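The values are calculated or read from the model by the stated rules, or taken from the named source; none is laboratory data. Remember, it's a predicted structure, so these values are computed and weren't measured experimentally. Heads up, the Cβs are rebuilt from the backbone with ideal geometry, glycines too, and the neighbour counts pull from every protein chain shown. Remember, those area values only see protein heavy atoms, side chains included, never the ligands or the DNA or RNA. Shrake-Rupley method; radii C 1.70, N 1.55, O 1.52, S 1.80 Å.
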Amino acid sequence: MYYNSINNKLNIKSFINIFLNNIPKDKTLFFPFKIPKINKKNFYFLKKQTYIDFAFYISKYFIDYINDENLYKILYNSYLKFNNEVIKLEFLNNNYILNLNSGKTLTFKDIALVPLGFLLNFISKLVNKKIIIFCATSGDTGSAAINSFKNFKNIKLFTFFPFNMISDIQRKQITTIKRNNIHNISLIGNFDSAQFLIKKIFENLKLFKKNFLVSVNSINWFRIILQTIYYCFSSLKLYNNNLINYYVPTGNFGNALSVFIAKKMGFPIGKIIICNNDNYYIDNFLKYEKIHNNNLKKTISPSIDISIPSNFLRIINIYNYKIKNLNKVNKIFYSDKIYNKYIILSLEFFYLKYKKIYDPHTITSLSSLFKENLKFCNVVVSTAYPIKFYFSIKKIIPNLKFNFKTKKIFFLNENYKVFALNFNLIINYIKKKI
Ligand SMILES: *Cc1c(COP(=O)(O)O)cnc(C)c1O
């Protein structure tokens, strides 16, 4: 598989080039030179595969540096970490919920970051060099990355999370794991500031000459692919002559982009419905072709409190970087915004009517589905397990009782440094820790 920067189709790179160097020289993003197409004739065979075998089949298109035996081993060891099933489809009211929260840190981020950790560890040994990882997190990527990388000594991880903008449980999941290779930085600012900082670090690679620097945000193409797999898999499982529509709670557009890639590969996917909260950059763009840069608002769905979704660039680029091609984009992507007060009301509604608790991100998709039920088969993407947002949900449903498996983290010490957005100070800190 060959890749190129979205701005320059002529600058062709191989898997290993972009795996160890996530950002092209022109500072945009990488994309496959050509998206592979799956022949419909293979659907019958693929439908019968286990998640691991299916993932192996899809990954092989995108990852070519690792031989089959090792790639299979990496995927096998990764998905073994998910107790029962990697993904679970649940029936609700003529529609389906795609549960992606069976991983250890309780969000969909685990499904991609666990295998990405094994891959990074494998490649780092192969090239015999340490890999330094940077991760900006709106709450969930950080803990998933830490959980995935904590035991790999040749990987060092720096997470950046916005001070006071993530839930207590999210913060504790990040800061209570003590390892020499994990460093947590809380930035005075919001997620956009954290993402900005990471971009700036990657623009100044010469500061870290001797090491490979990798991002585990969705600028990393392989994270997108590892997410694409669950859309290929679930669309095929549900396929029965009708296309499948996916309602996706969206922040940085990584998960939504993954549905799009699955569709482009030929899997039976119809519309992709982008569900935003009060930070509705994409909804505004898709509906009115307007880019608004309102101040970021803090909501009870913090993981999608993002106003500059970096992966959206990849979509705009596929359609030639011209807003006049928005029509084509609009045939595939629908969008909706659910204001915070409606998220709160809906959370209560689903509890009262169905005796079900959903996390506040999943609620954006569920509310959107109930407003505008498209024909054919609809799937709500459930991105997190509700316990992760226990305190916010408890304010809405006071008599709520959860079986708290994660209780232990409340009694552990937290490890993190607070920094203002001062590039030089932060770089000095990182250099000392490398
Ligand atoms: C990360 C996250 C999202 C947003 O996913 P993107 O790929 O950034 O759009 C939604 N919900 C939860 C719970 C998340 O952790």
So how far apart, in nm, are the two label points at N415 and K395 if each is 7 Å from Cα heading toward Cβ?
3.1
Tell me, what is the 1.4 Å probe accessible area of Y72, in Å² to the nearest 10?
80
Please give the solvent-accessible surface of T383 in Å², to the nearest 10, using a probe radius of 1.4 Å with every protein chain present.
10
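Quick check: convex hull over the Cα atoms of region 308-434, volume per residue in Å³, rounded to an integer?
Values: hull volume 28.4 nm³, N = 127.
Output value, Cα hull per residue: 224 Å³.
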Could you please state, rounded to a whole Å, how far the C-alpha centre of region 8-33 is from the C-alpha centre of region 139-218?
22
Which parts of region 98-122 would a label at N240 reach, counting a residue when its backbone N lies under 18 Å from a point 7 Å out along Cα-to-Cβ?
98
Quick one: pull the percent of accessible area on the chain belonging to carbon and sulfur, 1.4 Å probe, ligands and nucleic acids left out.
51
Low-density loop positions, chymotrypsin sites (Phe, Trp or Tyr not before Pro), region 87-172 - DSSP coil, at most 14 other Cβ in 10 Å:
none
When the chain is modelled as a GNM with alpha-carbon springs shorter than 10 Å, which of K408, K156, K200 fluctuates the most?
K408
To the nearest 10 square angstrom, how much accessible area does T175 have with a 1.4 angstrom probe?
0
Show which aspartates and glutamates lie in cross-link reach of K199 when reach means a straight Cα distance below 17 angstrom and same-chain residues fewer than eight apart are skipped.
D26
Using a 1.4 angstrom probe on the protein heavy atoms only, line up F419, F222 by accessible area, largest first.
F419, F222
Could you pull out the pairs from K25/K210; K331/K371; K9/K40; K40/K73 whose alpha carbons sit more than 22 Å apart here?
K9/K40; K40/K73
DSSP beta bridges in the chain [antiparallel fraction, %, rounded to 5]
25
Over every pair of different alpha-carbon atoms in region 20-136, take the mean of 1/r and invert it; report that Kirkwood radius in Å.
16.7
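Round to the nearest 0.05 the FRET efficiency obtained for K73 and Y2 when R0 = 22 Å and r is the Cβ-Cβ distance. All intermediate terms of the calculation are to be shown ahead of the outcome.
Details: r = 25 Å, r/R0 = 1.14.
FRET efficiency, K73 to Y2: 0.30.
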Can you spot the aspartates and glutamates whose alpha carbon is less than 15 Å from K150's alpha carbon? Ignore those fewer than 8 places along the same chain.
D110
Relative contact order for the chain: what is it in percent, counting Cα pairs under 8 Å that are at least 6 residues apart?
18
Suppose we look only past 42 Å in the calculated P(r) of the chain. What percent of the Cα-Cα pairs does that tail hold?
8
I need to check one value: relative contact order of region 98-233, counting alpha carbon pairs closer than 8 Å and at least 6 residues apart, in percent.
28
Ranking request for peptides 255-262, 23-30, 307-314: highest mean number of other beta-carbon atoms within 10 Å first, then the rest in descending order.
255-262, 307-314, 23-30
For the chain, report the accessible area per residue in Å² (1.4 Å probe, heavy atoms, rounded to an integer).
44
